Amino acid sequence: MKTYGEINERIRQKKAVVYTAEEVIDLVRSKGAEKAAEKVDVVTTGTFGAMCSSGAFLNFGHSDPPIRMTDVRLNGVEAYGGLAAVDTYIGATATRENGGEFGYGGGHVIEELIAGNRVRLRAWGPGTDCYVRKDIDTYITLDDINEAYLFNPRNCYQNYASATNTLDRTLYTYMGKLLPRMKNVTYSTSGQLSPLLNDPHLETIGGGTRIFLGGGEGYVAWQGTQYNVNAPERNGVPTSGARTLALIGDMKQMDREYVRGMEMYRYGTSLAIGVGIPIPILNADVMKRAAISDEELYTNLVDYSVTEKSRAILGQYSYAELRSGSIDHEGHKIRTSPLSSYRKARQVAEKLKDWIENGEFLLTEPTFKLPTSGEVKPLEVRR
Amino acid sequence: MIQKRYKLKFSEENLQESVAYILVSKFNIQPNILRAEVRDDGGVMVLEMKGRQEDIDASVVYLSDAGISIKAFDKQILKDLDKCTDCGACISVCPTKCFTPDPATWEIVLNYDKCIACGACLNACPFQALTLPL
């Protein structure tokens, strides 16, 4: 049994024993959870994938004369004009009109700001007695503007269904290119490295938990949208979409290496973000859960050609099988593609491990627990 | 026997040349046309030749003399390493299984020997890291 205080003291002294969620699997297999829990102070997790429900709050500062911006474009992408005069929110999936063959959207604007590139700001306002200017056309950089922080309403989906297509034509979906007649399967997770798969009931992760977000320090702000604790479980871990996190973090600390705009062909734009969450090894139970491996983690296979909300589940596969390159479905071999970069997930977990080992990153005890109840309600169409 | 890939460009004058027949009958080459299309600015062909080195060399000279632009084409798909995140979306859409993850690093490796320049991977890449320069 360890406390947050004891672990942080060891981090300050640069004596903390830190493993990534991948490295710790073998340790727990050979020594057992009890012994491993005595040895290990922190397990770091990591993921890098599409997180559509993400975006950035920005404050541009006031021009002279000032403007109350009600219609805002950043590199031609629409940002929200319903906040105070020079505040905006740009969402990852907002897409520029006439963006060419490949779309360009909010995710790309966020990437360019973090990369230090100049971004064109055009805005219009009504012109008032206090904000006389009616339009502005200028360039900004991340350094120039006042505040810039990501505030992502839903990141780190605890688990997510893998996708296939039974139709006789290719489908272009947010789960990627799905070839006809179940010729491929896509899945999106870092599996055994994934934050919420390693602390499935959020025993250590909660409101206020300090995390790695996009290369800088961030925090868990709230439960994510579509938060659900009622998903069926296997080996103590949900097998379908379950808990989610709302995350916040300073863009000025971030690195383009971990924040990338993306476009899923014929679906739209999004943002790929690297997120890493440290798990304090408070006891053997936390240790055991953090040592879960791809062989023990399962997800459903879903047919994306069914457009109704309630899609039939075609099967359930372990992430070890999905990651092997193909799955065996009713006697047929189907090739698989991950959509989430395992190389970058590892890079995130390693980076967070470095920070902790070097005494640069202390753990926080959650200031509030995330809900232990909650389910996803559908939207009824009423007339 | 060696195997080499070339990109051929045809103009209006030589668009109807029967390249494959000449390669087989004159140079004893096994041609494999991976891709052929007629565009507004002429024709483009991706051609694989299998044969003896000297026969392939002679074929290249012959085609070039016939006014067909011929260039070695051994990196069919260009991968922008700055844009690629090694996600792996390309892996299962490739009909010849060109893309494989390195089991140690999970870097996605492109095997050019297998690539037939079909372009199936291009719109599967969410980071627009892949291009096929024809």
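Every number in this text was worked out from the coordinates using simple rules, so none of it is lab data. What you are looking at is a predicted structure, and each value in this text was computed from that prediction instead of being measured. No Cβ is skipped: glycine too gets one built from the backbone with ideal geometry, and neighbour counts run over all protein chains shown.
Remarks
- In order along the range B:118-127, phi translates into HN-Hα couplings of 6, x, 4, 7, 4, 8, 8, 7, x, 10 Hz, rounded to whole numbers, per the Karplus curve 6.51 cos²θ - 1.76 cosθ + 1.60 with θ = phi - 60° and x for Gly and Pro.
- Tilt relative to chain B, helix B:53-65 - C-alpha long axis, 0 to 90 degrees, to 10: 70
- About its Cα centre, the range B:75-134 has a charge dipole of approximately 200 debye under the convention of +1 per Lys or Arg Cβ and -1 per Asp or Glu Cβ, with nothing else charged.
- Burial order of peptide ranges A:282-292, A:105-115, A:157-167, A:321-331 (average beta-carbon count within 10 Å, highest first): A:105-115, A:157-167, A:282-292, A:321-331
- Most fluctuating residue given options B:78, B:110, B:34, as computed from a GNM of chain B linking Cα atoms under 10 Å: B:78
- Residue among B:42, B:51, B:88 with the largest mean-square fluctuation in a Gaussian network model of chain B, springs linking Cα atoms under 10 Å: B:42
- Euclidean distance between Cα centres, the range A:341-383 to the range A:72-100, Å: 26
- Cross-link table A:15/A:35; A:309/A:344; B:50/B:97; A:2/A:377; A:39/B:83, entries beyond 29 Å C-alpha to C-alpha: A:309/A:344; A:2/A:377; A:39/B:83
- As a length-normalised measure over Cα pairs under 8 Å and 6 or more apart, the relative contact order of chain A settles at 25 percent.
- Loop-located GluC sites (Glu not before Pro) across the range A:17-97 with a Cβ neighbour count of 10 or fewer within 10 Å are A:97, with loop assigned by DSSP.
- With each label modelled as a point 7 angstrom along the Cα→C-beta vector, the residue A:35-residue B:16 pair spans 8.2 nm.
- Under 17 Å of direct C-alpha separation, and excluding same-chain neighbours fewer than eight residues apart, residue A:369 reaches these aspartates and glutamates: A:199, A:203.
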